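Throughout, read-outs are computed from the coordinates displayed, never taken from laboratory work. If you're wondering where the values come from, they're calculated on a predicted model, not measured in any experiment. We place every Cβ from the backbone using ideal geometry, glycine too, and count neighbours over all the protein chains shown.
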Amino acid sequence: MLAQVDSGSVDLAFADPPFNLGKEYTSKINDALADHEYVEWCESWLTEMIRVLKPGGTLMHWNIPKWNLLLGSFLAKRLTFRNWISVDIKYSLPIGGRLYPSHYSLLYFVKGKKPAIFHPDRLPIACCRHCGGELKDYGGYKDKMNPLGVNLSDVWTDIPPVRHSKYKKREANALSLKLMDRIISMCTDESSLVLDPFGGSGTTFVAAELLGRRWIGSELECTSIINRFEELESDREHLEQIQEGKNTLFTAADLKRRAQAGRPISKSYRIARDRSKDCDCGGRG
Ligand SMILES: C[S@@+](CC[C@H](N)C(=O)[O-])C[C@H]1O[C@@H](n2cnc3c(N)ncnc32)[C@H](O)[C@@H]1O
């Protein structure tokens, strides 16, 4: 598929390949290659992904640190490194004699010196899930906080593993819609072209479709993608919820918790959006 894509045509090339951990895939691929074979295989399609990127286009590669350490150095010789984003998700059980693997690595590179498109989301202040209180004390800086939220860093702790049956599109491997919304929103504009060669359950394609981007991709076993596109409404609702929770200093849910706890948030904060309609605190937050 990649060989048929025009050079310099893609705005965002994203890949979430099999990790060579000996997993069983519906597509029956061999997920237990020798280390050097796996790395060579990844390098072959990464080379194609680089070719099809526009100048200023973004390449993002999702993998475990073991592979991204090697593939990152391959990419750094061909593209400009931006970030190693650590996404805090536990992906296996604790292993004796080793540290508990608790982050995926998301490599972020651009073709050329700087990205053509870069508009990272802002995040709400992290609050207690019970009382809505801020987890960090912003002290005298509350009035200096951007009303649209906190700057996005290279450590993402708010991406849920896909477990909830309502949103789980496939038994294994599906990425969170929130992750793909963040990546696509950051690195593309409406009608940009998004490419993902490892479709899986179609999370990238669904996010791109719902965000009004064009997309192209491949997958060896497409049944779950086809089924998912036939019921796009549940993903649409989910995406709306995700978008409600970003680019704002406080989420409606946190304002509601604070109001219920009888402790409205400090008036020093500048709130961008009237969220009184989103929750039942009557605008007191
Ligand atoms: C980790 S999963 C991707 C999951 C996806 N990001 C999602 O959110 O659902 C990797 C996928 O790559 C597919 N795959 C493996 N080799 C492939 C190939 N050569 N061409 C296309 N797809 C391939 C597998 O069938 C598997 O579904």
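Given the C-alpha atoms of segment 97-136, compute the convex hull and give its volume per residue in Å³.
169
Among the aspartates and glutamates, which fall within straight-line cross-link reach of residue 142, defined as a Cα-Cα distance under 19 Å, with same-chain neighbours fewer than 8 residues apart omitted?
Of all the aspartates and glutamates, those that pass the test against residue 142 - Cα under 19 Å, at least 8 places apart if same chain - are 134, 254, 274.
Run the helix sum for the chain: -39,500 (n - 2.57) per DSSP H stretch of 4+ residues, divided by residue count, reported at 222 nm to the nearest 500 deg cm²/dmol.
-8500 deg cm²/dmol
Helix 35-52 against the longest principal axis of the chain: what's the angle in degrees, Cα atoms only, rounded to the nearest 10?
Value to nearest ten degrees: 70.
Alpha carbons only, please: Rg and Dmax for segment 206-260, in angstrom.
Reported Rg and Dmax, both Å: 15.9, 50.
Which order results if 39, 206, 155 are arranged by neighbouring Cβ count within 10 Å, fewest first? Numbers along the way, then the final one.
Values: 39 16, 206 23, 155 11.
So the ranking, lowest neighbour count to highest, is 155, 39, 206.
My understanding is that a pair violates if its Cα-Cα distance is over 24 Å; which of 66/90; 77/114; 54/77; 111/246; 114/144 do that in this structure?
As for pairs spanning more than 24 Å Cα to Cα, those are 111/246; 114/144.
Mind sorting 244, 37 by how few other Cβ atoms lie within 10 Å of their own Cβ, fewest first?
Going from sparsest to densest Cβ surroundings: 37, 244.
Quick one: helix 177-187 against the long Cα principal axis of the chain, what's the angle to the nearest 10°, folded into 0 to 90?
Long axis of 177-187 versus the principal axis of the chain: about 80 degrees.
With N denoting the number of residues in the chain, provide Rg(C-alpha) divided by 2.2 N^0.38 Å, to two decimal places.
1.07
Rounded if a/c is under 1.5, else prolate if a/b beats b/c, else oblate: with a ≥ b ≥ c from the C-alpha gyration tensor eigenvalues square-rooted, which is segment 65-147?
Because a/c hits 1.5 or more and a/b fails to exceed b/c, segment 65-147 counts as oblate.
For the chain, find the longest principal axis of its Cα atoms and tell me its angle to the long axis of helix 232-244, 0 to 90°, nearest 10.
50
Would you mind checking the radius of gyration and Dmax of segment 15-54 based on alpha-carbon positions, in Å?
Cα only, segment 15-54: 11.6, 35 Å (Rg, Dmax).
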